[in-house]
Every structure is written in C-alpha cells, then in structure tokens.
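Single-structure report; data block below.
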Amino acid sequence: MASQTVKVVLSLDAHAVDSLKDGVNFTKNPEDSKCYIIYKSEDGLRACKNQCKHQGGLFIKDIEDLDGKTVKCTKHNWKLNVSTMKYVNPPDSFMQDELEVEVLEGGGLQLLELDPEDPWLKDPRETLELQPGEVQVTYLTHACVELQLGSCRFLLDPWLQGPAFARGWWLLHEPPADWRDRLCGADLVYISHMHSDHLSYPTLRVLSERRPDTPIYVGDTSRPVFWYLERSGVKLNNINVVPFGVWQNVDEHLRFMILMDGVHPEMDTCIIVQYKGHMILNTVDCTRPNGGRLPRNVALMMSDFAGGASGFPMTFYGGKYTDSWKAQFVKNERKKLLNYKASLVKSLQPKVYCPFAGYFVEAHPSDRYIKETNTKNSAADLNALINKQAPEIKTWTPQPGAVLDLGLALRDPSDSRAVRAPPADTKVLKDTWDFGLYVSEQNRAISAHIFSYPEWIQFYYTWAGFHNYNLVVRVMETDDDFQPFPNGFDYLVDFSDLTFPAERPDREHSYLELKNRVGVMRWVVLNGRLWDDLYIGFQNRISRDPDVYHHKFWNHFQIELPLQRPDWDQFLEDVRSRESKDLTPNQSSDSDGLCALQ
C-alpha cells in the first residue's frame, strides 16, 4: 500500500487571504504555475485544483451563474459548484477532489493534498545499456504493438480482425501478414480494458484455437474486462487479474505494472513496462491515467491521439446540431486534443513518443455520413507539433510492420537505423472488410424468438435496473438509414418509475429520442451488452430536450449494466405459462405508433 503523505501545493500569506472575496477565487502558485480555486463563504474556505475531472480542462468564471458558486470548464462546458464540489452539468456525475485548507498562525493558509508514493519508484532497478536489437517495438495496427524485450514477446491490445463497437469501427490499417503467428507466439498479452477495439473477441478466437493457455493480464477493475467471455465462444484458460500499482515480475530484467484511470477507474487502465531499468509508458485510452501522476523521462511513451471515438455530436440531430455546427465543434475539439496531447508529452519528457490507438475508420457503407464528417487528428500532425514545442523528444509515426529499435533510439535519436520501415510489399491501408460475415451475425438477432413478445421491453429494462430518474426515453427501431423498421418496436420508457406509457407524461421531465438500428439494438438486448455498441459505434441517432447530457443514464447503460445477461429462457417460460393460462397482460402495439406496456 502506498504511503499517504501530504504535501503543500499552495501557500498564501495573511494579506493574500484577506484579499479573497466572497465566492469563487482563482489563484496560481507562482513557483510552478499550477492553478487553484478557493471558495469563500460564511462557512469557511473550500479549495480544489483548477482542473476539470472530466478531461483536465481549465475552469473559468461561469457568467450564467447568479449565485457566484459555479465555474465552467473551457473544454466541454462542464460546470462545477465549488460550494459543494459537485458537478452540476452534467448532473449526477462526478465529485471534484477537494484540497485540505490549513489556516496558519498569523492569518495565512496552506492548501494540502494527499501525496502517495509513486508505485513505480518501489524496488528501483539499475538502468543497464540496451544492445541494438534487444528491445524492438513493432506496430501492428490501432492500439496493438508487439514488444520484444530480450527473449520475451509482449503483445498489447490485439484488435487484428473484425469490427469493434458492433459494426461501427473497422481497422484502418492492414495488419502485417504474419499477425496470426505474432499473436499466437506471444509470451504474454495485456488487454487494457473491455472496449472492443482493445478486447477483440474475433481476434482472441484465433488465439483460443491455437494457444488457449497464453497468459493474458488485465487490471483488477470493478467491471471485469472479460465479463462477456463465457458467452463469447472464445476459450481462454490463463487470464490473470492483477492489482493496480504492483510490479509483476516476468524475469530478472522484465516486469510490468498496471495502473487505473483517474476518471474511469471501474474500467480503464494503462501500463508501465520496464526492461533493464528502461520504462515504456502506454497510457492507452485513459482520460487521466493514474489520476495524472505519471513517470517522467521514460524511454518510450505511447498514447491515443485521434479523437472521434464518441457518438457526440455526429449522431445527434435537431436543434443546433446542423452539419455546420458539428463541423466547427469537431474542428475545435480536435485542436484542443492535439494541444493537450502535445502539452502532456512535453511535460513528461519521454525520450521517444509514439501516437497510436486511433487508427479506425467508419468503413461500412451505411456509415458514410459518419466517415465523411467525423474527422480525426493525424499522428503526423501531433508529432509535428511536439517536434516544434519539444524538439528534444524523438517522435515516431508508426505504420503496420514498422519497427522501433529502442536501444538505437536511446543511444542516438538521429540514427536512421533506429526506425525500420515496413517491408516493401506491406499493404498499409485496408480497402476490404468482412462486412457480410459480422453484420449478418448481428442481424440474426432480429429474428430471435423473444422479440415475438412485446413483453421483452419491460423484462429487459427491469433487468437493466435503472430507475428513480426523471427522464423519459423514446426508443425507435430503424433500418440502416434510420427509417422506421417494418413492424419494429417504438416505445417510451419513463425511468422515474420504470413504466412504459403510451404518451409522454404531463409532468416536467427530460426527454431523449433514440433511433437505433434494429439489428444492433436487438443484438445488444439479446446478449445483455453495454450500449457503447450503439453510442460509440454510431449505430443510433439521438435527440434530447432539453439539450443536456444525462451522465447518470448513460453511465449506467454504458458501464453499470448487470454482469449476467438477461435470462431469456426464463422470460420465454413465463410468457408461455401466461399464454397457457390465458393471462397475457393488457398490451397493444402499432408499428406506426407506440407499444404500451402497463
């Protein structure tokens, strides 16, 4: 367990304390330029870092706040009530980490925060020189790289075939022709989290058929990485769940440590791999890896870079969500992300930096609109920005089959031998995908027997377990063009009391409309899958009134659904039992209207 010491992050003298006004005060530590917020009221002082917990943005004064209690993030307009340290936009989301305020004799004060020992500093090892060819990093595709560390081959996040997020994401790059041998020849595999562009069952099926005993390592997240394994048809028998912040020794020179994400500790992780004292830091998709505490001066750092991995705003319609608004929003967001990543890399000062985990494309013909409008950052642009701001950091823009020789890169960053290009006959960009195979597999759910009974709606949402929230959602099953699916379901769910009215209630309430492609929606329902397949996979269209993000709702359906799939066998048994007794509940359906279940 890391020791829980405290450190002083800001000191104010008596004059500075007297100068604090009632309400929100922004202040900066002149020694390190870090920013803080102090809230003054008759009840005393409260304080926090001026850093949004969502994606690390800077807070400014909220001009819409009449009480002088809230601040607004410059990144995504999230709002924090500093008097309570609760986020109010979106509602029911995070609590801000609070600093302790210590009043000093003479009227000054100090802001204190917990300062746990960085776990990677435990049991330090001597840094030994790497020989040419001893540590080689081979990029395969998306977030998948192979680390050759002495005699050990360590594979990270293998998504090498098939789609991710239902049918929404497809590989941009063609993996090297020998990817199956590389996958099945790995000595160990790390999977960072459960999202299907990292945990790819079509890929792992290849591994399970040839080497089901391959050691696979995942972090001890509250949402198990392999929660879907039993019903995936993939047989793997050597999955190791390891605690966070503890070195896992592989041999005398090699060890690794898995760390959690500060924003999504229930599911996201990152990893530090150390060989002969040299560290490789892979932050993967973490929003705030390890709460922002990361090792500096590592030999190699890898991180995501592209953006575009969300349904917002491309899948939204109505109101302000015109194509021109979306285009401007995306342009601004990608620029912010590019600057943030460059700033992070510059602050950590790795010897070599590689942007990865962003090489996907919305390739299916039905997603042409998303492909054309959901523009992403390029790795080359990010590396160019880093080269400008921190020219001492060597950058690497990878292609499938390209190899970085870390030993050579550390000796002489200008050595052209440090990076080996892919073989001459390498196909870099994919131009064909197995749409038919995977889309047909999902569409088989359309004809599943449970959907013969409208009662599945009540059974499913009762299983989901979300209620006591003043939100009404209309769900419409559609075809690929988001037009009504013939004889599809169109229904309302009132999550205040988990009822299914025929019309919207008269009371004041928030409202969402979700148009979901029928094949994906029924596949998600049938298998009890998370709604990321719909939302991140661009498989729905969303309208909301008012235009407010409901964190509590989406967090539940994207992260907190029950681990056990709905018991559809029991459902069918119950329905048939009621039919045999002629006790079918009162129900009505109309393909052009709403399906009401009382």
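FYI, it's all coordinate maths here, none of it is from the lab. Remember, predicted model here, so these are calculated numbers, not experimental data. Neighbour counts are summed over all protein chains in view; Cβ atoms, including those assigned to glycine, are modelled from backbone coordinates with ideal geometry.
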Task: Efficiency of FRET from Cβ geometry, residue 349 and residue 28, R₀ 25 Å, rounded to 0.05 - done: 0.65
Task: Extension gain, residue 449 back to residue 555 (0.36 nm per residue minus Cα-Cα distance, nm) - done: 35.2 nm
Task: Separation of the residue 572 and residue 11 label points, Cα + 7 Å toward Cβ, nm - done: 7.2
- [ ] Evaluate the distance, in nm, between pseudo-label points positioned 7 Å from the Cα of residue 114 and of residue 389 along their respective Cα→Cβ axes.
- [x] 3.0
Task: Relative packing of peptides 99-107, 357-365, 390-398 - highest average C-beta neighbours within 10 Å first - done: 357-365, 390-398, 99-107
Task: Coordinate range along principal axes, alpha carbons of the range 299-440, Å, largest first - done: 55, 36, 18
TODO: Have a look at 238, 68, 347 and report the one farthest towards the positive end of the charge dipole of the chain, computed about the Cα centre with Cβ charges (Lys/Arg +1, Asp/Glu -1).
DONE: 347
TODO: Evaluate the distance, in nm, between pseudo-label points positioned 7 Å from the Cα of residue 399 and of residue 425 along their respective Cα→Cβ axes.
DONE: 1.7
Task: Under the Debye formula (equal points on every Cα, no solvent term), log10 I(q)/I(0) of the range 4-116 at q = 0.11, 0.12, 0.14, 0.24 Å⁻¹ - done: -0.34, -0.40, -0.55, -1.47
- [ ] For the range 165-182 and the range 368-394, write down the distance between their C-alpha centroids in whole Å.
- [x] 21
- [ ] Rounded to the nearest Å, what's the spacing between the alpha carbon centres of the range 97-111 and the range 397-413? Just the number, please.
- [x] 48
Task: Cβ crowding within 10 Å averaged over residues, with 534-543, 366-375 ranked highest first - done: 534-543, 366-375
- [ ] Compute the length gained on full extension between residue 74 and residue 548: take 0.36 nm times their separation in residues and subtract their Cα-Cα distance, giving the result in nm to one decimal.
- [x] 168.9 nm
Open item on the list: At a 10 angstrom cut-off on C-beta neighbours, averaged per residue, how do the peptides 332-344, 503-515, 129-141 rank from highest to lowest?
Closed with: 129-141, 332-344, 503-515
Open item on the list: On a full-extension model of 0.36 nm per residue, what is the gain between residue 88 and residue 287, subtracting their alpha-carbon distance, rounded to one decimal in nm?
Closed with: 69.6 nm
Task: Dimensionless Rg over Rh [the range 103-152; C-alpha; Kirkwood] - done: 1.37
TODO: Find how many whole Å separate the alpha carbon centroid of the range 545-561 from the alpha carbon centroid of the range 273-322.
DONE: 22
Open item on the list: From the convex hull of the Cα coordinates of the range 132-421, what is the mean projected area in square nanometres?
Closed with: 15.3
Open item on the list: Give me 22, 490 sorted ascending by neighbouring Cβ count inside 10 Å, so fewest comes first.
Closed with: 22, 490
Task: For the chain, the fraction of alpha-carbon pairs in successive 10 Å shells from zero, as % - done: 3, 15, 24, 25, 19, 10, 3, 0, 0
Task: Distance violations [Cα-Cα > 25 Å] among 122/341; 346/376; 79/331; 28/122; 515/552; 21/86 - done: 122/341; 28/122
Task: Ranking of 93, 452 by count of other Cβ atoms within 10 Å, fewest first - done: 452, 93
Task: For the chain, calculated [θ]222 nm from helices alone, where every DSSP H run of n ≥ 4 adds -39500 (n - 2.57) - done: -6000 deg cm²/dmol
TODO: Once you have all Cα-Cα distances for the range 437-597, histogram them in 5 Å bins from zero and send the whole-percent values.
DONE: 2, 8, 17, 22, 23, 16, 8, 3, 1, 0
- [ ] Go ahead and run the numbers for FRET between residue 474 and residue 239, Cβ-Cβ distance against an R0 of 25 Å, rounding to 0.05.
- [x] 0.05
Task: Fewest-first sequence of 405, 115 by Cβ atoms within 10 Å of each Cβ - done: 115, 405
